[in-house]
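Below: one structure, written as structure tokens.
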Amino acid sequence: MSSEGMTRLSGTQLHLSLGEGLNELSTTAFSENREEPFHRWVNWIAGFSAAFVRDCINRYMPPGRGLIIDPFAGVGTTLIEAVMAGHNAIGFEINPFATLAGRTKLAALHLSSGVVEELSQQFSQWMVKAIEEDREPQSTEPKGFRSRIPFFSPPILYQVLLLMDFIDDLGDGLPSDLMRLAFGATMVSFSNYSYEPSLGTRPGAGKPLIEEADVTSIIVNKLSAIARDLRRIDPVSRNKWGRSTLYRESFFNCLSKNILGSSSVDLIVTSPPYLNNYHYVRNTRPHLYWLGLAASRREQRKLERESYGRFWQTVRNDRPIALDFDLSEVSSLVAEIRNKRTHKGQYGGPGWANYAVCYLNDSWRFIQLVNDVLKPGGTAVVVVGNHIIQGVNVEVDRILSLLGKRQGLQCDINLLRDKRVGNSITNSTVRRGRTKVNLYEAAVEMKKV
Ligand SMILES: C[S@@+](CC[C@H](N)C(=O)[O-])C[C@H]1O[C@@H](n2cnc3c(N)ncnc32)[C@H](O)[C@@H]1O
């Protein structure tokens, strides 16, 4: 990028409070959750760790029971920690698989481990019998699910269809949801696809096809891990827990649908989608179809439209989209992106500028809502990163902070990680003089005074 755009944005009077505040908080990486009880039941891309949420709660929640929300709840990291710390929690999430996983985790926390062990045994015996009898599955592959190569190899598909029969026989309820969570959390591991980091064929990622797998054991192992975590809960502690609701709803509807009131929230801990065009909807297509959660292109398009920032694919062809707010630093940044590689059209600056504008407009809507729903004295902690778009460094943390200040919020930026890997955007390196600009992660702390 030209140094002009860069200096303008970096030159604004922002308080970068390294050495105080959140920089001492636990690491944000969701990968930490792989070690954490309850959170390790299902992986979800790009979030923060449970330890990070616990630190935020200890630091910012006033004494007594309060309300903590996560506007982009994913699989419920913030909500679980809030409830277990004795607070009430509300989450919003539009992805049906993440919502299923988050809701099931929250409900299952109240189960005894014995119930899950019994379910696991029942499933295992049912499968052994069905396979012995060479039973013809009643379930069929989801209509409309397309994959370049067969998603499951034939022997695995047979077991998967039996698993789906078992889930159907359970009817609606928590046991069925637990089975669906176990299936959803493991299905890619025995498929011919993998995340590298987006969903693609295993051969495409240089990996062999998976011809054989013992689906029963994989599901039983997952249920055993869930039962093991539930055994750790002291039943008496449950009496002190708060209540939680995870809405399958866009956060942008939280006021219009009367889910939240103005000045009602003590703490927000959240991480919205990043400005890296990570396509949550496409990447969860197998889960959406095989679990019967969003079984048509139309439903997926609705999800894409509701997604924070939309996606480059959905807006790149539109006429130039304008910013909904007036902030000269941001307008010049967008103009800079728009003027890059114009000959490439939708694949160059013009297409990517449209995506950036949609993202920034949603950021503005988000900050306005944050200001509205927070109680005076309340805090929002928003984890985001910078992104390089068409060679332009977009410091989302700084922009959120500027927008927060415009709303009258007290904002601080706290660097959490000064090196982040992974970027799905092309032309994503930029140098400042001789040094390469790093991708970092930061927490924007916003206080309503
Ligand atoms: C970075 S992830 C959050 C992960 C979460 N912190 C966790 O620990 O699981 C962002 C989430 O925002 C969701 N999302 C995108 N647009 C949304 C909207 N308008 N309202 C609610 N959730 C949305 C995505 O589906 C995705 O799950």
Region 298-330, residues that are buried (at least 16 other Cβ atoms within 10 Å of the Cβ), within 16 Å of the ligand (Cβ to nearest atom) and in a helix (DSSP H, G or I): Gln300, Leu303, Glu304, Glu306, Trp312, Thr314, Val315
Quick check: is even one residue across region 62-71 touching a residue at least 40 places away in the same chain (Cβ under 8 Å), out of contact with any Ser or Thr (no Cβ under 7 Å at 6 or more places or on another chain) and in a helix (DSSP H, G or I)? no
If I go through region 225-249 residue by residue, how many of them are away from the ligand (no atom under 16 Å from the Cβ) and out of contact with any strand residue (DSSP E or B) (no Cβ under 7 Å at 6 or more places or on another chain)? 17
Leading residue by the ranking (farthest from Phe366 (Cα to Cα)) among those in region 92-123 that are crowded, with 16+ Cβ neighbours inside 10 Å and of a type in the set (Ser, Thr, Tyr): Ser120
Does Lys143 fit the bill of being basic (Lys, Arg) and part of a helix (DSSP H, G or I)? no
So Phe145, is it surrounded by fewer than 22 Cβ atoms within 10 Å (Cβ to Cβ) and in contact (Cβ under 8 Å) with a residue 12 or more places away in the chain: yes
I want to confirm something. Restricting to region 103-117 and keeping residues that are assigned to a helix (DSSP H, G or I) and touching a Phe, Trp or Tyr at 6+ places or on another chain (Cβ under 9 Å), which single residue is nearest to Pro37 (Cα to Cα)? Lys105
What residue, among those in region 30-59 that are of a type in the set (A, V, I, L, M) and within 11 Å of the ligand (Cβ to nearest atom), is modelled with the lowest pLDDT? Ala46
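Every residue, every condition in (1) in contact with a His (Cβ under 9 Å, 6 or more places away or on another chain); (2) crowded, with 21+ Cβ neighbours inside 10 Å; (3) farther than 30 Å from Ser113 by Cβ, yes or no:
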| site | (1), (2), (3) |
| --- | --- |
| Ile219 | no, yes, no |
| Leu246 | no, yes, no |
| Asn253 | no, no, yes |
| Lys257 | no, no, yes |
| Ser263 | no, no, yes |
| Gly292 | no, no, no |
| Ser296 | no, no, yes |
So the strands (runs of 3 or more DSSP E) completely within region 359-417 holding 3 or more residues that are in contact with a helix residue (DSSP H, G or I) (Cβ under 6 Å, 6 or more places away or on another chain) and more than 23 Å from Trp312 (Cα to Cα) are 374-389, 410-417
Of residues in region 118-137 being in a helix (DSSP H, G or I), among the charged types (D, E, K, R) and over 33 Å from the mean Cα position of the chain (by Cα), the one farthest from Ser176 (Cα to Cα): Glu132
Working carefully through the options Ala82, Ala89, find the one that is surrounded by 16 or more Cβ atoms within 10 Å (Cβ to Cβ), modelled with pLDDT of 95 or more and not in a helix (DSSP H, G or I). Ala89
When region 250-263 is examined, which residues are found to be under 24 Å from the mean Cα position of the chain (by Cα) and either of a type in the set (Ser, Thr, Tyr) or within 16 Å of the ligand (Cβ to nearest atom) (or both)? Ser250, Phe251, Phe252, Asn253, Cys254, Leu255, Ser256, Lys257, Ile259, Leu260
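Looking at region 336-358 only, could you name the residues that are assigned to a helix (DSSP H, G or I), touching a residue at least 12 places away in the same chain (Cβ under 8 Å) and more than 23 Å from the chain's Cα centre (by Cα)?
Of everything in region 336-358, those that are assigned to a helix (DSSP H, G or I), touching a residue at least 12 places away in the same chain (Cβ under 8 Å) and more than 23 Å from the chain's Cα centre (by Cα) turn out to be Glu336, Ile337, Arg338, Gln346, Tyr347, Gly349, Pro350, Gly351, Ala353.
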Here the residues within region 221-242 that are out of contact with any His (no Cβ under 9 Å at 6 or more places or on another chain) and surrounded by fewer than 18 Cβ atoms within 10 Å (Cβ to Cβ) are Asn221, Ser224, Ala225, Arg228, Arg231, Arg232, Asp234, Pro235, Val236, Ser237, Asn239, Lys240
Return the only residue of Phe145, Phe97 being assigned by TED's automatic domain parsing to the domain that holds Leu293 and within 23 Å of Thr284 (Cα to Cα). Phe97
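The values are calculated or read from the model by the stated rules, or taken from the named source; none is laboratory data. None of these values were measured; they are calculated from a predicted model. Positions of Cβ are generated from backbone atoms using ideal geometry, with glycine treated the same way; all protein chains shown enter the neighbour counts.
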